[in-house]
Structures are given as structure tokens and as C-alpha cells.
Amino acid sequence: MKASSPPTDEKFKIGMLLSDTRYRGTSLQVITFIIFVAVFFWLVDNTLKNLALLGKDVSFNFLFLRAGYDINQRLIPYSSDSTHGRAAVVGILNTLLVAFVGCVIATILGLFVGILRLSKNWLVAKLMSAYIEGFRNVPVLLWIVMVFALLTEFTPAPKAFKGADPQATMLFFDSVAITNRGTYFPAPILNEGAYWVIFIFILSVFAVIFLKRYADKLKRETGKDFPTFLVSIAILIFPSTILFFALGSPISLEYPYLKGFNFKDGIHLRNSFLALTLALALYTSAFIAEIVRAGIMAISKGQTEAASSLGLRPNKIMNLIILPQALRIIVPPLISNYLNLTKNSSLAIAVGYMDVRGTLGGITLNQTGRELESMLLLMGFYLCVSLLISSVINYYNRSFQIVVR
């Protein structure tokens, strides 16, 4: 017997919202949403009333007040006379710099260590295993402090006092100086016409990407290989180089030099930035290495054996057969590690690096007394960055998904 269903011409009644299965699911969702919104607005209203009793109001005008403090590492012009809003922007840029550089280093190291841990060489495999277990089983804060101590205590001073201490010397053709106050690199100087060279180089990068996609499409359709490596190198080098010399070398370098008891000019990377970035990258790379190892081991050994029987070398097997398939497994967990690295950058205060946690969530919060506003802005920033990273990696991950024809 078939279950009887309510007649379609039955007159609608309010009670049917909960009794009728056609409306019950939607009704419960609407009721739950209304309760959630009501509780949220009650909490907000209660918070505002409590702040009013304390003589406080919710205002973000403090962002336009004079900051009155210096920031040692900055990517944009800033002084103590700048506003708290500009100080927050400087902190945000410092955080994004650490997150970007850290993620790049962690990905390269993780991929390298993960592959080497599967090596048939017993010594190499054990060394990589010790690397992974050592870094991921020690709190990242301890690694940050340790790397900072190593950079500070075991590097020479810019200039020795009375010859008692070793003095820093210029390396790499007198262009780089590594000291206990930071590392100095040559700084690029952009003269007239430099932006045209940069613009042509960016176009060359897009041309290489288009060429790679064209070569992949050609190989799928015809099976023919296109020499993308040599052509890509030529596209990246020759147009920009020709324009560079045609415009009379519009880009030059400003080298650091010793003046007094410290180096001047060039790009100064402080030990706080280096320690934070390296420690986060090394710590995260240990987790990425395990993800890479798991992704590679998930690929059937039969494919490796079949490729070997065709005469392919191990590096070709890894690059052409194993890694392209393993990326479908490797990429999704990478999102969590990238997010963890970005959020762990808030530990920068341990080594004196002024990120957004140290500016907006630290000095600005203490000076203005705007705890709620500062924390809301801070949480909103980390939320936006996390969603942006997730969106970018998910978009990249979709390009590796198997397309059913």
C-alpha cells in the first residue's frame, strides 16, 4: 500500500507550519535564525548599556588621533606623529609580509622534506624524520625565541668595540651584511623609465602562464611536447633586459655601508622579522612535509612501477605522475597550515616585531583604552585574511580536480 499524502487543495493553516512535513523543516530553520538574531542583538544591546554605565561609547574616532609611538619595521612611511589608523595599517602590512614570506618558505621546505623522507637512503630518511618530529613537537613560541637568540647572540656586531668582539664583514661581493642588529641587503633605486621595465616584466610573467596553459592543452589534445622551459626563460629575460639597457639602466642598487657603529642605506631586515618568519616557516614546514608524504603514499605503487617499466627516471616519475595526482590530496590540508601560520604571527610581540597585534591590539589599545573597538578590528582583520587565503587555495585546488568527460 502507498502512503497517503495530504491533498494538494487542502486549505493552509498556521498549525501546518509544524505539523506538515512540507513546511516543518523550513519553519524550524526560520525559528532558529530568529532566536539566534535575537540573542545576538541582546548581547550587543547589553554590552552597549554596560559600556554606557562605565562612561564609554563605541567609537572608532581614535583611529584619527596621533599615535605618538615609533615602529621599527615598516613598509610605508610612518612617524610618531602619524595617526593610530596609519599605525594599524603598518602593523597589517607587517603581518601580511610575515604570512606571505613564511608560507612560501614553508611550502618549499615542506615539499622538499616530505619527498626526502620517502628516500630509500636510510640516513636521509632518518634525518628528515628527525627534522619533522623535532620542529612539530616543540611549541612554536619556543622556536621563535630560540631563532631570535641565535640571530642575536651568534652573529657579529656591525663594528667591534676596542677589537674585543668580531666585526661584521660584507658578503657576496660586498653587498650583504649579517649582523646582530639585522641583515642588510642592497635596495633597488627606481629612476625614470623603471616602471616600464617592471610593466614589461609583469607582462612576461602573464605570457609564461599563458604559454604553460597552451602547452598543457596541446599535450592533452595531440600528445606533443612543447619546450616551455627554454621559451619561458627567454620570455622572462630578453624583453625586460633589452628594454632595461635601451632606457639606460633605469634601475640601480643602493648598497649598505658601514658608518659609525652601524650599517646605513640598503634594505634592513631586523632580527625580529627574520626570527619570526624563519621560526614559523620551519615549524609549519614540518606539518606540510607530513601532508606531502601522505599525499605521495596515497598514490598506487602500480603507477610508479608502470612508469619505471617504460624507462622513465625517478625524477620524471615524481614530477609527471606522482605529484600531479598527489596535489589533489595535498592542497586541501595546506589551507589549515597557511591559516595557522598567519594566526601564529600574532606571537611576534615575543621578539619585538610590530605586527597588527603589537600596534592595533597592543600599544594603540593601551593608549586609547578602546579595548572593544580594537579587538573587533583585530578579529575582523584575521577573519578577512583567513577567508581570503581559503578562497585563493580553494580556487587553486579546483584546477586539480578530476574532470569527468
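The values are calculated or read from the model by the stated rules, or taken from the named source; none is laboratory data. All values reported here derive from a predicted model rather than from experimental measurement. In this analysis, Cβ positions are derived from the backbone assuming ideal geometry, glycine residues included, and neighbour counts consider all displayed protein chains.
At-a-glance table
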item: Check on Leu63, modelled with pLDDT of 75 or more, in contact with a Gly (Cβ under 7 Å, 6 or more places away or on another chain) and surrounded by 12 or more Cβ atoms within 10 Å (Cβ to Cβ); result: yes
item: Of all residues making up segment 351-375, the number that are under 22 Å from the mean Cα position of the chain (by Cα) and either free of Cβ contacts under 8 Å to residues at least 12 places away in the same chain or part of a loop (DSSP other than H, G, I, E, B) (or both); result: 4
item: Qualifying residue in segment 303-320 (condition: crowded, with 17+ Cβ neighbours inside 10 Å, touching a Gly at 6+ places or on another chain (Cβ under 9 Å) and in a helix (DSSP H, G or I)); result: no
item: Verdict on Leu323 being surrounded by 13 or more Cβ atoms within 10 Å (Cβ to Cβ) and in a helix (DSSP H, G or I); result: yes
item: Residue in segment 179-195 that is without any contact (Cβ under 8 Å) to a residue 40 or more places away in the chain and either closer than 29 Å to Leu341 by Cα or surrounded by 13 or more Cβ atoms within 10 Å (Cβ to Cβ) (or both) present; result: no
item: Residue under evaluation Asn337, criteria (1) of a type outside the set (Val, Ile, Thr); (2) more than 18 Å from Val104 (Cβ to Cβ); (3) crowded, with 17+ Cβ neighbours inside 10 Å, criterion not met; result: (2)
item: Pair list, Cβ < 8 Å and 6+ apart or interchain, from segment 34-50 residues that are within 12 Å of Leu372 (Cβ to Cβ) to residues that are in a helix (DSSP H, G or I); result: Thr47/Leu372
item: Enumeration of residues in segment 200-228 that are under 19 Å from Phe244 (Cβ atoms) and of a type in the set (Ser, Thr, Tyr); result: Ser204
item: Set Thr83, Thr47: member being within 29 Å of Val356 (Cβ to Cβ), surrounded by 16 or more Cβ atoms within 10 Å (Cβ to Cβ) and within 37 Å of the chain's Cα centre (by Cα); result: Thr83
item: Every pair of residues 6+ apart whose Cβ atoms lie under 8 Å, when the first sits in segment 283-312 and is farther than 27 Å from Asn137 by Cβ while the second is among the basic types (Lys, Arg); result: Ala307/Lys316
item: Neighbours by Cβ (under 7 Å, 6+ apart or cross-chain): first from segment 210-223, closer than 14 Å to Pro324 by Cβ; second surrounded by 12 or more Cβ atoms within 10 Å (Cβ to Cβ) and not aromatic (Phe, Trp, Tyr); result: Lys212/Thr228
item: Residues within segment 102-127 that are among the aliphatic types (A, V, I, L, M), surrounded by 17 or more Cβ atoms within 10 Å (Cβ to Cβ) and in contact (Cβ under 8 Å) with a residue 40 or more places away in the chain, tallied; result: 6
item: Conditions (1) assigned to a helix (DSSP H, G or I); (2) over 28 Å from the mean Cα position of the chain (by Cα); number of the one not met by Gly248; result: (1)
item: Residue selected from segment 265-302 under the condition touching a strand residue (DSSP E or B) at 6+ places or on another chain (Cβ under 7 Å) and assigned to a loop (DSSP other than H, G, I, E, B), by the criterion surrounded by the fewest Cβ atoms within 10 Å (Cβ to Cβ); result: Asp265
item: Condition met for Ser252 (among the hydroxyl-bearing types (Ser, Thr, Tyr) and closer than 30 Å to Pro156 by Cβ); result: yes
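For (1) part of a helix (DSSP H, G or I); (2) at pLDDT below 90, each residue gets a yes or a no:
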residue	(1), (2)
Asn340	yes, no
Ala348	yes, yes
Leu377	yes, no
Phe381	yes, no
Ile389	yes, yes
Val403	no, yes
